[in-house]
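Structure, as structure tokens:
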Amino acid sequence: MTLKPLDDRLVIEPTVNEEKKVGGIYIPDTAKEKPNVGTVIAVGNDEELQELVKVGDKVLYSKYGGTEVDVEDKKYLIISRSDVLALVEK
């Protein structure tokens, strides 16, 4: 199955944070912060958005924005243009 976002939306694959244990304390998944950086998988059909963001770009997005979707055992996030805060450059 393929996700094709509409209008001014993006499909993002969130970057997975590596698990860090400090002092032997285990932090459960529910207490960990969600990543705010992800890789663009698909861009909607808004022409202005397509000029700004390309597939493969890394973006910083708002913490509580978007809708989580599971596709073939992978987690994706569908966000609107207003949830994108910045492009992450190397």
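The values are calculated or read from the model by the stated rules, or taken from the named source; none is laboratory data. Everything quoted here is computed from the prediction, not taken from an experiment. Counting neighbours? That spans all protein chains shown, and the Cβs are built from the backbone with ideal geometry, glycine included.
Scanning the stretch 62-81 for residues that are more than 18 Å from Leu6 (Cβ to Cβ), hydroxyl-bearing (Ser, Thr, Tyr) and in a strand (DSSP E or B) yields a count of 0. Considered as a group, the residues in the stretch 1-37 that are closer than 14 Å to Gly65 by Cα and either loosely packed, with under 10 Cβ neighbours inside 10 Å or at pLDDT below 85 (or both) include one that is nearest to the chain's Cα centre (by Cα), and that residue is Pro35. Filtering Val55, Val59 for residues that are closer than 16 Å to Pro14 by Cβ, modelled with pLDDT of 95 or more, surrounded by fewer than 13 Cβ atoms within 10 Å (Cβ to Cβ) and of a type outside the set (D, E, K, R) leaves a single hit, Val55. Working only within the stretch 48-61, note down all residues that are outside any strand (DSSP E or B), of a type outside the set (Asp, Glu) and over 14 Å from Leu6 (Cα atoms). Listed by number, the residues that qualify are Leu52, Val53, Lys54, Val55, Gly56.
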